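Student: Below is the structure I would like to discuss, written out as structure tokens.
The values are calculated or read from the model by the stated rules, or taken from the named source; none is laboratory data. Remember, it's a predicted structure, so these values are computed and weren't measured experimentally. Cβ sites come from the backbone with ideal geometry, for glycine too, and all protein chains shown count toward neighbours.
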Amino acid sequence: MPAVSGKKLFVGPRFRRIRQQLGLSQTQIAEGLGISPSYVNLIERNQRPVTAQILLRLAETYDLDLRDLATADEDRFFAELNEIFSDPLFRQIDVPKQELRDLAELCPGVTHALQRLYAAYAEARQGETLAAAQMADRDVGTRYEANPVERVRELIEANRNYFPELEQAAETLRDELNVPAEGLYAALAARLREKHSIQTRIMPVDVMRETLRRFDRHRRQLLISELVDPPGRAFQLAFQLGLGECAQHLETIIGRAGPLDDAPRRLFRITLANYFAAAVMMPYPAFLAAAEALNYDIHVLAQRFNSGFEQVCHRLTTLQRPNARGIPFFLLRVDNAGNVSKRFSSGTFPFSKFGGTCPLWNVHSTFDTPDRLLKQVIELSDGTRYFSIAQMVRRPVAPHPLPQPRFAIGLGCEIRHAARLVYASGLDLEKTEGTPIGVNCRLCERENCAQRAEPPITRTLILDETTRRVSSFAFSNAREL
């Protein structure tokens, strides 16, 4: 946010998004700020200004960082719009960057619509789905639905990966169970048996084959493969409880998302039940207190809460409760071919929605050093610096001769938060040189990069048979219009 003074600010869309992310009605936030609900309504419609005093009261009441309020969503939306309008499709349209930033700030709904439209166009063009056939169908009853995975990712981002109803339900369940982490599996199995008449059975791999968990509705049995490790077993039991005991919460959250086709609706429900399971294994107050006390030592947190490395990293991205916030982390999971299977951000990291990641980010190097946790300061082309850690994980165990699944987990935060991490101990973060990376090759305009896989789509490719450069691609400094 701008510096606190007597200046009046018209920030209606931003104010509304903050309120919605906090899960508050206009009446509730009005009570918290000591103003009338009608005034809140006028603020959100940009018909009344927000004074610096109200912004200060907002930050103090709900433990919000004014710098985060200024840039978090707008920067992410701007980065996504910039990626879309860098496509050659818009080569003849010169859209000033300031117009894109204004659109991201003032019209987030339009920004979201453009993202979905471009995603549909990209899928149709690449032939990854049946989108082309659907969109070509002139039957007015045919409706295109975006990739369910991307749609659910958008919903998670819209909620900053924080769902207060599920957090409270998970805390209530842990209070009722009243067991330490090492006793959680037995307590969850007893809860399923006594309250839901569901028996839990650990089954041989030759029975389960490629299935890790299966709920047999007819026999009321939850079957879990012996390949699943202890943290995974507890997680699967908590997931099953989430589907049963939090059904109303799940439907309420899904209902807030608006109309959804069957596939994204089902995937969103599964994602929310997974969120609940993690919150049961790592209850918010205890987990946040331990994370702060341990300076976010992931391996110790995993031991204390009987969880896996990836589970802990994922949980760290959800610590955005008003008045009790953790570090705003971002998380990425990739395989050794560079395919992104997870990306979450409670901060401002500009993940690419329509491409891979930068090979200079050492998250990819973990496959060469499987037993080491790697640290890195990275710097984007706009000068923004981040601190990240990365480690390879194996999951689950695979019977011979099947290959062992391997993924790299990257976890990071803005450089201003890094001093709170045990992994940054002894580093002079101000003097440490950041590795220059890009969002991905197609959007990165850094020259002479030996790792470049394709030229930037915003520049003109230069082809010269007399010269061989470090980079496989040379391009002009002038942007294409």
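Student: Hey, can you tell me all the residues within region 94-116 that are surrounded by fewer than 14 Cβ atoms within 10 Å (Cβ to Cβ), closer than 23 Å to Glu44 by Cα and at pLDDT below 75?
Tutor: Asp102, Gly109
Student: Six or more apart or on different chains, Cβ under 8 Å: which pairs go from a residue in region 375-399 that's in the same structural domain as Pro436 (by TED's automatic domain parsing) and in a strand (DSSP E or B) to one that's surrounded by fewer than 17 Cβ atoms within 10 Å (Cβ to Cβ) and polar (S, T, N, Q)? Could you list them?
Tutor: Once the first residue is in the same structural domain as Pro436 (by TED's automatic domain parsing) and in a strand (DSSP E or B) and sits in region 375-399, its partners that are surrounded by fewer than 17 Cβ atoms within 10 Å (Cβ to Cβ) and polar (S, T, N, Q) give Gln376/Thr435; Val377/Thr432; Val377/Thr435; Ile378/Thr435; Glu379/Thr435; Ala390/Ser365; Met392/Thr369; Arg394/Gln404.
Student: Okay, next question. Does at least one position in region 405-412 carry a residue that is surrounded by 16 or more Cβ atoms within 10 Å (Cβ to Cβ) and in a loop (DSSP other than H, G, I, E, B)? Break it down into steps so the answer makes sense when it comes.
Tutor: From region 405-412, those surrounded by 16 or more Cβ atoms within 10 Å (Cβ to Cβ) are 407-412; that's our starting set.
With the extra rule that they be in a loop (DSSP other than H, G, I, E, B), the set shrinks to none.
Within region 405-412, not a single residue is surrounded by 16 or more Cβ atoms within 10 Å (Cβ to Cβ) and in a loop (DSSP other than H, G, I, E, B).
Student: Condition test on His299, is it under 16 Å from the mean Cα position of the chain (by Cα) and either assigned to a helix (DSSP H, G or I) or touching a residue at least 24 places away in the same chain (Cβ under 8 Å) (or both)? Spell out how you get there, then give the answer.
Tutor: Values: under 16 Å from the mean Cα position of the chain (by Cα): no; either assigned to a helix (DSSP H, G or I) or touching a residue at least 24 places away in the same chain (Cβ under 8 Å) (or both): yes.
No, not satisfied.
Student: Going by the conditions given, is Leu411 under 30 Å from Glu60 (Cα atoms), in contact with a Lys or Arg (Cβ under 9 Å, 6 or more places away or on another chain), touching a residue at least 12 places away in the same chain (Cβ under 8 Å) and aliphatic (A, V, I, L, M)?
Tutor: Numbers: under 30 Å from Glu60 (Cα atoms): yes; in contact with a Lys or Arg (Cβ under 9 Å, 6 or more places away or on another chain): no; touching a residue at least 12 places away in the same chain (Cβ under 8 Å): yes; aliphatic (A, V, I, L, M): yes.
No.
Student: A further question on this structure: Suppose we keep only residues that are β-branched (Val, Ile, Thr) and assigned to a loop (DSSP other than H, G, I, E, B) within region 440-471. Which one would you say is farthest from Pro96 (Cα to Cα)? Give the steps one after another, and end with the answer.
Tutor: Just the residues of region 440-471 that are β-branched (Val, Ile, Thr), to begin with: 457-458, 460, 462, 466-467, 470.
Next, only the ones that are assigned to a loop (DSSP other than H, G, I, E, B) stay: 457-458, 466-467, 470.
Values: Ile457: 17, Thr458: 13, Thr466: 36, Thr467: 34, Val470: 32 Å.
Step by step, filter region 440-471, then rank; the result is Thr466.
Student: Under the condition of being modelled with pLDDT of 80 or more and of a type in the set (Gly, Ala, Ser), which residue from region 1-51 is nearest to Thr111 (Cα to Cα)?
Tutor: Gly23
Student: Check Gly326 against each of (1) in contact (Cβ under 8 Å) with a residue 60 or more places away in the chain; (2) within 18 Å of Phe287 (Cβ to Cβ); (3) among the small types (Gly, Ala, Ser) and name the one condition it does not meet.
Tutor: Failed condition: (1).
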